[in-house]
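The values are calculated or read from the model by the stated rules, or taken from the named source; none is laboratory data. All values reported here derive from a predicted model rather than from experimental measurement. All Cβ positions, glycine included, derive from the backbone under ideal geometry; neighbour counts span all protein chains shown.
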């Protein structure tokens, strides 16, 4: 699937160049610890090697001929229509340009097309994640839970959820 928004290309297929692109995107953001970066790369590699059987779905955004943002999501095991948004990140050089919103909207469309009804997202409550939390709230996600000292002492986990409407997604 390819959609074009101005000079932006959105795709869902995983390319052989994507593991390196995702490593660059996640590393540039400044939001992830060094031990988290290989996890993001591993999921993309798994998607590349095993396709849909991996259980991971992806949205990639290309701008200026390079992959600059992505998301990884999947059906939550033992549920029928609840999805986790595992990763969403935009390269630091492209943040603040609306690309993250494009990625999130494309994820929502893809999940709706798969029959999904709810999307769950978790993030940190550390002060540096305030823009991330504001982004989710601005995009109509609701804070549903907060787990104190989840990641480490003083680093709470916050869970957001959005219930998708039953209408068909707009596929422009």
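Taking only region 125-136 into account, find how many residues are within 13 Å of residue 30 (Cβ to Cβ) and crowded, with 18+ Cβ neighbours inside 10 Å.
1
Which condition does residue 167 not pass, out of (1) closer than 24 Å to residue 44 by Cβ; (2) at pLDDT below 95, if it passes all the others?
(1)
What are the residues in region 97-121 that are surrounded by fewer than 18 Cβ atoms within 10 Å (Cβ to Cβ) and either in contact with a helix residue (DSSP H, G or I) (Cβ under 9 Å, 6 or more places away or on another chain) or within 20 Å of residue 23 (Cα to Cα) (or both), if any?
Those that are surrounded by fewer than 18 Cβ atoms within 10 Å (Cβ to Cβ) and either in contact with a helix residue (DSSP H, G or I) (Cβ under 9 Å, 6 or more places away or on another chain) or within 20 Å of residue 23 (Cα to Cα) (or both): 101, 117, 118.
Considering only strands (runs of 3 or more DSSP E) fully contained in region 1-80, which possess at least 2 residues that are free of Cβ contacts under 8 Å to residues at least 40 places away in the same chain, out of contact with any helix residue (DSSP H, G or I) (no Cβ under 7 Å at 6 or more places or on another chain) and surrounded by fewer than 17 Cβ atoms within 10 Å (Cβ to Cβ)?
Strands (runs of 3 or more DSSP E) meeting the threshold: 2-5.
So which residues in region 81-94 are in contact (Cβ under 8 Å) with a residue 60 or more places away in the chain and over 14 Å from the mean Cα position of the chain (by Cα), if there are any at all?
Within region 81-94, 92, 93 qualify.
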